[in-house]
Every structure is written in C-alpha cells, then in structure tokens.
Amino acid sequence: MTALTSLRTYLTPDEMPTHWYNVVADLSHPPAPPLGRDGQPVSAAQMAAIFPLPILEQEMSGERWIPIPDEVRQIYALWRPAPLVRALRLEALLGTRAKIFYKYEGVSPAGSHKPNSAVPQAFYNKLAGTKKLTTETGAGQWGSSIAFAGQMFGLPVRVFMVKVSYEQKPFRRSMMQTWGAEVFSSPTVLTQSGRTALAADPDCQGSLGLAISEAVEEAVADKDTCYTLGSVLNHVLLHQTIVGLEAKTQFDKLGVYPDVVIGPCGGGSSFGGIAFPFLADKAAGDKRAANLRAVAVEPASCPTLTKGSYAYDFGDVAGFTPLMKMFTLGHDFMPPGIHAGGLRYHGASQLVSQLVHEGLVEAVAVQQLATFEAGVQFARAEGIIPAPESCHAIRVAIDEAKAADAAGEARVILFNLTGHGHFDMASYDRFFAGKLENFAYPAEAIAASLAHLPKVG
Ligand SMILES: Cc1ncc(COP(=O)(O)O)c(C=O)c1O
C-alpha cells in the first residue's frame, strides 16, 4: 500500500495570527476619504450614528498591525485555522505542471469566510453597548454569519435578505433563524427605502444596494441599533486578512510561495483577505513576492472592476451611506439575478479599487456557465462542492494553470475557496438541467446608472 501523505496544512495554536494586517499602512497614498452629500469628508461623529467607536477606529486606522482580541480568537478557534490544501487530484485531472493550492473557508459554522468579520463586529458592538444589529444579505452567507456571531455574543440580529436569494435559498433563512435572527425579504414595507422601491416596481427582485438602504435606515432610526456590513469597508477587509496570514504561515511550513493569488470579488473582502498579506511582502521588498500577481474575479454580468468607473458613489441605492471612491457601476444599477448572489454588488471595496486603479491588482470578469463548469470539475476531483461565488476563483485558477503550461512555466497558484455550495444546489440543478444562461454584458443599464453618479470629488 502506498504511504498516505496529508494534502492539508494546519497550524498549531501557537502559530495562529495574533494581529490582523491593515493594507492602508502600505498604500502609496492614503485612501480617499468618505464624503457626505455636500462633498465634505464625513466625520467620525456622523458615522457613529450607525457604527460603534471601536469599529470606526479600525475603519479609519493607518496602523499596520491591529491586535485580534482574545474573545474573538476564542470563537475563531471553533473552526480556525482553515486548512490550506494542495489540489493534487485537480492538478492530475488537468494534467498540469502547476501546483494548485486552495484555502478552504467553508469549514466555518456558516460555511464561508464571512464569520471572520462577523465575529469581531459582534464583539466590538457588544463591547460598545449596542443592543441590536441590522444587516443586509445577498446570497445569505453574510446574514448567516452575523446571525451566528450575534448569538455568540447575545445580540439580536435583523437581516434584510435580497428577495431573489430569499426565494432561491429558503434554508439560508432557516439557518439564520436557527441562530436566532429575524429575516425579511427585501424590499420590505418596513422601511421608506423598501416602500419606495415597491411603489416603483411591485415585482422588484431587490439588490444588495437596496437591502443595505433598509438595514441602514433602521439603524439610523434607533440609537441602540447598529448596522453591520459583510464586505466593502476597510474594517471588514482588515478582519478577513486572517485568511492570507494563516496561508502565509502554512506556505512557510511547506517551503513554498505562490506566484499568483486569486479570489472572487463581490465587495472585495475575501479577495482582500487572502491577497493583502501577500501584497504586504511585496511592499516590504520580499524577493519571493517580487513577481507575485493578485487577481480579483467578478461576474461578467456585474463587472464592477473591469467595466465600472473609478469615482465617488454611494454604497446603497437610496444614498444613505457616505460617498466612497471606488469602482462602481452606479448605485442604482440592478444586476441580473445570477446564481452567485454574493457577487451582485454595484461597487467594490475602496482599498481593492485603489489597488486595481494603481495596477497592483488585476481584475477579470467571467461568465456564469464557465464558472459552474469549473466548480463541477473541482467537485469531481477534490470532493468539495464550491459556492457559486467561489467557482469564479476556481475558473481563473484552472485558466492560470493552463496558461502556465502553455507558457512552459511551473506556476504556484493559490485561490480562496470562500465557501461550500450546500445551500446552492438549486443553482447546480439549473446548471445540470441546461437552464443556466450567460448574461450579455448589460452595457445600456450600466451606462444609464453611471449617468446618475453623484457629482462630487
Ligand atoms: C462564498 C462567498 N464568496 C465570496 C463572496 C463575495 O463577497 P466578498 O467579495 O466580500 O468576499 C460571497 C458574498 O456573499 C460569498 O458568499
């Protein structure tokens, strides 16, 4: 019998990261400040209407290393470290010389990377005396994560779930309810933003931007309620760097270093989480990272980084959030109801946007059918059924391996397998039934919504 080799690399408790990495410290210039409608920078006091102080401090921090509180590390220990896995069977299937690794975030209670930020957000809110949390969720991954995290710290949670996902994924709702959260199909009649959207279109399928408006509106209306966001903002990307930091130590143990780091990109948190710690090596002049490439992957039907404008825009449909300098398709852009609900966002993290704008991060857009083909290929080789969002990264990882073979290079590829697809089987069903389609690039809809970009900055 051949000796078994472990394909998974774990870390001991002593090897676990004690600090998150803040990429702001290594940017060539500070991020553009969030602005109010008047074009003036938003003050911390204004933001304090919806976020607790410790979160605001992290949001605005320029410190390179920020300690992870023990209370958060204790909860992380329920599933972290997440394994770094060598995808040997996928490599064999592809017949590639490339070494393909994935960091598997589907081992968390909610099944994705999202609890990495949900747990600290619930912790800091509890610390600051918040009594209730509101949030939005697209695919249901973030809603589940904050429902779980709220439960860990005894905080009630209200989730506005984008209607199209609410209907496609009833068990995500059950999951949130199991952890004690209240879940509403957005748009609702509970908020002015929801009522306005329904008046304009009673069949409105909702969008992440609209659900954000509803959740923010509730938080603004009650001083004891705070809003939590599962992506986009600096503090969320900060928390997610636990993924890349663990991966770096795991690679050190293997004596390997990646040539390319790939992540799906909705708001940018999982991409930033896996890529930023490697970009830190590049910024520090580490020779191993000299030619490192970081690739953010988005859907062709919601091509924020590849076709959007780099401009100030609102984070939500109703314009409650501050204006942020980011790649955007326009805050009233309604993407088609694709099956990677977590990637249907009109904007992107300002940090990821700045790095794309400066040429330090690459962005590619891929079609829906090609992502499911990659996901099925991966599941058949490696066993894990990936979330549709993660399939975007798998598609590009496979394409990178093929390109490296064609160029005669032996590339080391790392991608973020951000979650499992156990609640997404209806989408897989549609794929197998031949009912999934590629959406044409919605050029007209994007042009129309870009025409409404706020005139500031
Ligand atoms: C499994 C999974 N991967 C990726 C994403 C994209 O979000 P982000 O870009 O913030 O990582 C989501 C969003 O819900 C998700 O559920």
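The values are calculated or read from the model by the stated rules, or taken from the named source; none is laboratory data. Bear in mind the structure is a predicted one, so any value in this text is a computation, not a measurement. Positions of Cβ are backbone-derived with ideal geometry, glycine not excepted, and every protein chain shown enters the neighbour counts. Please note that ligands, DNA and RNA were not included when accessible areas were found on the heavy atoms of the full protein model with its side chains. Shrake-Rupley method; radii C 1.70, N 1.55, O 1.52, S 1.80 Å.
Return the percentage of antiparallel bridges among DSSP beta bridges fully within the chain, rounded to the nearest 5 %.
Among the beta bridges of the chain, antiparallel pairing accounts for roughly 35 percent.
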Calculate what fraction, in whole %, of the accessible area of the chain sits on carbon and sulfur atoms when a 1.4 Å probe is rolled over the protein chains.
55 percent
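Using DSSP to define loop residues, name the GluC sites (Glu not before Pro) in segment 1-78 whose beta-carbon has at most 15 other beta-carbon atoms within 10 Å.
Details: sites: E15, E57, E59, E63, E71; in loops: E63.
Within segment 1-78, the qualifying GluC sites (Glu not before Pro) (loop, at most 15 other Cβ atoms within 10 Å) are E63.
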Can you list the residues of segment 11-39 with backbone N under 17 Å from a point 7 Å past the Cα of W65, pointing along Cα to Cβ?
14-26
So what is the accessible area of the chain per residue, in Å², with the probe set to 1.4 Å?
37 Å²
Surpassing 22 Å at the alpha-carbon level, of the pairs K114/K223; K223/K325; K103/K248, are K114/K223; K223/K325
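Calculated FRET efficiency, A128 and A447, Cβ-Cβ r, R0 41 Å, to nearest 0.05?
Working: r = 42 Å, r/R0 = 1.03.
It comes out at approximately 0.45.
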Vicinal HN-Hα couplings computed from phi for segment 81-93 (Karplus, 6.51 cos²θ - 1.76 cosθ + 1.60; Hz; Gly/Pro x)
x, 7, x, 9, 10, 7, 7, 4, 6, 5, 4, 5, 4
Excluding residues fewer than 8 places away in the same chain, name every one of the aspartates and glutamates whose C-alpha is closer than 13 Å to that of K253.
E15
Got a sec to turn the phi values of segment 289-295 into Karplus ³J(HN,Hα) couplings, 6.51 cos²θ - 1.76 cosθ + 1.60 with θ = phi - 60°, whole Hz, x for Gly and Pro?
9, 4, 10, 4, 10, 10, 10
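For every helix of n ≥ 4 consecutive DSSP H residues, a contribution of -39,500 (n - 2.57) applies; sum these over the chain, divide by its total residues, and give [θ] at 222 nm rounded to the nearest 500 deg cm²/dmol. Please report the intermediate quantities before stating the final value.
On the way: 18 runs with 188 residues, N = 457.
Per the formula, -12500 deg cm²/dmol.
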Cα gyration tensor shape of segment 274-424, rounded if a/c is under 1.5, else prolate or oblate by comparing a/b with b/c
oblate
Could you go through segment 307-321 in sequence order and give the Karplus-derived ³J(HN,Hα) for each residue, using 6.51 cos²θ - 1.76 cosθ + 1.60 with θ = phi - 60°, rounded to whole Hz, and x for Gly and Pro?
10, x, 9, 8, 7, 6, 8, 6, x, 9, 5, 7, x, 7, 6
What accessible surface, in Å², does a 1.4 Å probe find on D259, ignoring ligands, DNA and RNA and rounding to the nearest 10?
60 Å²
What is the list of residues in segment 240-255 whose amide nitrogen lies under 16 Å from a point 7 angstrom out from the Cα of T18, following Cα to Cβ?
246
What figure, in Å² to the nearest 10, do you get for the accessible area of Y10 with a 1.4 Å probe and non-protein molecules left out?
110 Å²
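Ordering F184, F101 by accessible area with a probe of 1.4 Å, largest first, what comes out? Don't skip to the answer; put the middle values down first.
Working: F184 45, F101 10 Å².
Ranked list, largest accessible area first: F184, F101.
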Rounded to the nearest Å, what's the spacing between the alpha carbon centres of segment 153-173 and segment 294-373? Just the number, please.
22 Å
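For the chain, take the alpha-carbon Rg, divide it by the Kirkwood Rh, and send me Rg/Rh. Could you put the intermediate results ahead of the total?
Values: Rg = 20.5 Å, Rh = 21.8 Å.
Taking Rh as the inverse mean 1/r over Cα pairs, Rg/Rh reads 0.94.
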